[in-house]
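Undergrad: Handing you a structure now.
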Amino acid sequence: MKHFLKYALFALVFMVGTTMSTTIQAQSTTVKTSKSAKAKTKKAKAKKATKKSKAKSKKSKAKKDASSKTSKVKTKASTKKSSTKAAAKKKSTTSKKTTKSKKVVNKVNKSSDKSLGKDAKGRMIYKGPKGGKYYINSNGNKTYLKK
């Protein structure tokens with residue numbers, strides 16, 4: 001009977017020891033995996049941040065290029081305007097009858113809507129897909145007319 005109790009006690013201690021070691025190992029592996037997961041998320045966030053900063057720098061560079069191009073065009077246009085103003089002054093001195101007329105610039109309609117004609121202001125009127133009437137404003141957007 002004493003031998004049986006010794007073996008039972010030994011088996012109990014052995015089983016508790018092995019389960020404790022496996023739980024400790026499982027805990028250490030979860031800690032390692034959570035640390036590696038955190039490191040991966042940090043790396044991913046850093047990559048996203050670098051991509052965003054690169055995209056912002058590209059946008060700002062494109063804006064600078066566009067603004068420099070527009071400023072060049074504006075300077076060319078202003079020089080043309082000044083030369084045309086000088087020519088207009090010469091013409092106005094020779095003939096004092098000059099009239100200023102405001103031209104309505106119609107944007108090209110890119111849709112397949114039917115054109116109905118022009119209104120009193122000279123804008124081209126179109127018929128929309130649901131039967132509404134509209135015109136293309138100076139910004140190129142559709143402006144619907146009230147019924």
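The values are calculated or read from the model by the stated rules, or taken from the named source; none is laboratory data. Owing to the predicted nature of the structure, the values given are computational and were not obtained by experimental measurement. For neighbour counting, all protein chains shown are included, and Cβ atoms are generated from backbone atoms with ideal geometry for every residue, glycine included.
Undergrad: Considering the range 105-135 alone, what residues qualify as being under 31 Å from the mean Cα position of the chain (by Cα) and either loosely packed, with under 13 Cβ neighbours inside 10 Å or at pLDDT below 90 (or both)?
TA: Correct list: 105, 106, 107, 108, 109, 110, 111, 112, 113, 128, 129, 130.
Undergrad: Would you be able to say whether some residue in the range 4-15 is modelled with pLDDT of 75 or more and loosely packed, with under 10 Cβ neighbours inside 10 Å?
TA: Yes: one or more hits.
Undergrad: Next question, about the same structure. Take the conditions of a type outside the set (A, V, I, L, M) and at pLDDT below 75 and apply them to residue 22. Does it pass?
TA: Yes: the conditions hold for residue 22.
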